[in-house]
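Read through the structure below, which is laid out as structure tokens, and then see the notes.
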Amino acid sequence: MKYVYGPVPSRRLGNSLGIDPIPSKTCNYQCIYCQLGKTTNFTNIRKNYFPKKDITAEIEKAIKLNENKFDYITFVGSGEPTLYKDLKDLIIKTKELSEKPLCVITNGSLLYEKGVQNALIYSDVVLPSLDAGDEKSFLRINRPHPSINFEKLIQGFIDFKKKFEGRFWIEVMLMKGINDSKEELFKIKEKIDIIKPDKIDINVPIRPPVEKWVEIPDNSIFLILNEIFGDYSNISFPEKGLFRTHSLDFEKEVLSILERHPMRQDQIIETFSTSGLNKEMIITGLKKLKSQERIKEILYNKQTFWKLNLD
Ligand code: SF4
């Protein structure tokens, strides 16, 4: 499938059926921690990047195929989903096709746009990111499109949260020496207090980031987090559970997951063991794709990861 993938295990949403309406690496941010690699289509233009009818046909098929195998349907993927112009139509159609809760994972940059607000209002959960407490850190961490500024971003969060009746959970990505000092965290908390989300998820770069100098904070951060966020926060850990595959074609399946989601080698082995492959066969398959330069192996945080080779 081209626009739908998974179900994949998600830290916050259990098993999630992913819908990806945006071409790979099309985004209005270039985050230093992005796990997908460099933003190759850096744009803030909202348009229908793929035909709506093709996406909805796939959503319908995937929902039927995976009945009872997922907890959430999630708009997310290899770019910023709110850049899809008719996102509202896609969300409404998906809600007609399934009773499962629908979530949109977004960088939150366009929450100030009426068109985006009118689309996301139909979802059950919205998960935006907020990694900075001021313009300077915002530019350093998210490297946004020049047409996006920090004040507008925060106002968008505030305005949307006021009208949204679903759950609004903010994710903060913490990085060592970048935004993990008390001073930076207090600034983020100040903004969060104005926005009033239902929950904050504190995350750390558990998968290889685009910039090699981005690192996971030291454990001492937990004390600071408790002091600043108290019970508000929820530290995320690497996801557990199996990714789901649709066929026995190892290459096709592994490439489809890695396109949106770099994986630890042990996760790949666990996932594909269920389709009758043993560890040796899986590693041979990965090495073959590596020799064809379609995927690459990365050692990060003492673990082996595999991701799509976009170089
Ligand atoms: S992390 Fe998300 S918002 Fe940031 S560049 Fe990557 S796709 Fe865009």
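The values are calculated or read from the model by the stated rules, or taken from the named source; none is laboratory data. Source: prediction; values computed, not measured. Every residue, glycine as well, gets a Cβ built from its backbone with ideal geometry; the counts of neighbours run over all protein chains shown. Only protein heavy atoms, including side chains, enter the accessible area calculation; ligands, DNA and RNA are left aside. Shrake-Rupley method; radii C 1.70, N 1.55, O 1.52, S 1.80 Å.
List of remarks:
- Flag if Ile257 is part of a helix (DSSP H, G or I), touching a residue at least 40 places away in the same chain (Cβ under 8 Å) and either β-branched (Val, Ile, Thr) or touching a strand residue (DSSP E or B) at 6+ places or on another chain (Cβ under 6 Å) (or both): yes
- For the range 164-184, filtering for residues that are open to solvent by 50 Å² or more (accessible area, probe 1.4 Å) and farther than 18 Å from Glu135 by Cα leaves 3.
- Residue in the range 13-25 that is more than 30 Å from Leu174 (Cβ to Cβ), of a type in the set (Ser, Thr, Tyr) and open to solvent by 10 Å² or more (accessible area, probe 1.4 Å) present: no
- Pairs with Cβ under 8 Å, 6+ apart, first in the range 71-96 and under 22 Å from Thr43 (Cβ atoms) and within 16 Å of the ligand (Cβ to nearest atom), second in a helix (DSSP H, G or I) and charged (D, E, K, R): Val76/Arg260; Gly77/Arg260; Ser78/Glu259; Ser78/Arg260
- Count of residues meeting criterion [open to solvent by less than 70 Å² (accessible area, probe 1.4 Å), under 24 Å from Lys25 (Cβ atoms), touching a residue at least 12 places away in the same chain (Cβ under 8 Å) and not β-branched (Val, Ile, Thr)] in the range 45-70: 8
- Residue check, Lys161 touching a strand residue (DSSP E or B) at 6+ places or on another chain (Cβ under 8 Å), closer than 25 Å to Arg11 by Cα, crowded, with 16+ Cβ neighbours inside 10 Å and of a type in the set (Lys, Arg): yes
- Every residue from the range 122-152 that is among the acidic types (Asp, Glu) and near the ligand (Cβ under 10 Å from one of its atoms): Asp131
- Of all residue pairs spaced 6 or more apart or on separate chains, those with beta-carbon atoms under 7 Å, a first member in the range 189-209 that is assigned to a loop (DSSP other than H, G, I, E, B) and a second member that is among the charged types (D, E, K, R) are Lys196/Lys161; Pro197/Lys161; Asp198/Arg167; Pro208/Lys307.
- Single unsatisfied condition, Ala119 versus (1) surrounded by 17 or more Cβ atoms within 10 Å (Cβ to Cβ); (2) of a type in the set (A, V, I, L, M); (3) over 28 Å from Lys163 (Cβ atoms); (4) away from the ligand (no atom under 16 Å from the Cβ): (3)
- Residue selected from the range 26-44 under the condition in contact (Cβ under 8 Å) with a residue 40 or more places away in the chain and more than 10 Å from the ligand (Cβ to nearest atom), by the criterion farthest from Trp169 (Cα to Cα): Thr40
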